[in-house]
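*Asks:* The structure's right below; bear with me while I get my questions together.
Bear in mind these aren't lab numbers, they're just calculated from the coordinates by the rules spelled out. Remember, predicted model here, so these are calculated numbers, not experimental data. Heads up, the Cβs are rebuilt from the backbone with ideal geometry, glycines too, and the neighbour counts pull from every protein chain shown.
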């Protein structure tokens, strides 16, 4: 049986900075999809920054960890695919 929102059960971490417009877009996308997430501001935590770099191999944000799969940047289609949700046309 398919649930109304497959993404709602996803484990999501978003590594962000306060001035990143793509971070804001990623967070808005998650909210629009009804997906809960943990936001980690890497400007406030050196260990979190190191964890993000270790996971992604990059220093750019946003870095999203969705059920253990890493994606860098904001791409609606990639995020929808990782969350198992359909985008409205």
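*Asks:* Using a 10 Å cut-off on Cβ atoms, rank the peptides 11-18, 35-42, 60-67, 47-54 from the highest mean neighbour count down.
*Replies:* In decreasing order of mean packing, 11-18, 35-42, 60-67, 47-54 become 60-67, 11-18, 35-42, 47-54.
*Asks:* Would you kindly state how much longer the chain becomes between residue 31 and residue 88 on full extension, computed as 0.36 nm times their sequence separation minus their alpha carbon distance, in nm to one decimal?
*Replies:* 19.0 nm
*Asks:* OK, next. Using alpha carbons only, how many degrees (0 to 90, rounded to 10) separate the axis of helix 46-56 from the longest principal axis of the chain?
*Replies:* Once rounded, the angle reads 50 degrees.
*Asks:* Expressed in nm², what is the orientationally averaged projection area of the convex hull enclosing the Cα positions of the chain?
*Replies:* In nm², the orientation-averaged hull projection of the chain is 5.7.
*Asks:* Between residue 41 and residue 54, what is the label-to-label distance in nm when each label sits 7 Å out along the Cα-to-Cβ direction?
*Replies:* 2.3
*Asks:* Pulled fully out, how much extra length does the chain show between residue 81 and residue 24, if you take 0.36 nm times their separation in residues and subtract their Cα-Cα distance?
*Replies:* Full extension from residue 81 to residue 24 adds 18.6 nm.
*Asks:* How high is the relative contact order of the chain, in percent, counting Cα pairs under 8 Å that sit 6 or more residues apart?
*Replies:* Taking the mean separation of contacting Cα pairs over the length of the chain, I get 34 percent.
*Asks:* If you don't mind, another one. Please give the helix 21-32 orientation as an angle from the longest Cα principal axis of the chain, in degrees from 0 to 90, rounded to the nearest 10.
*Replies:* 30
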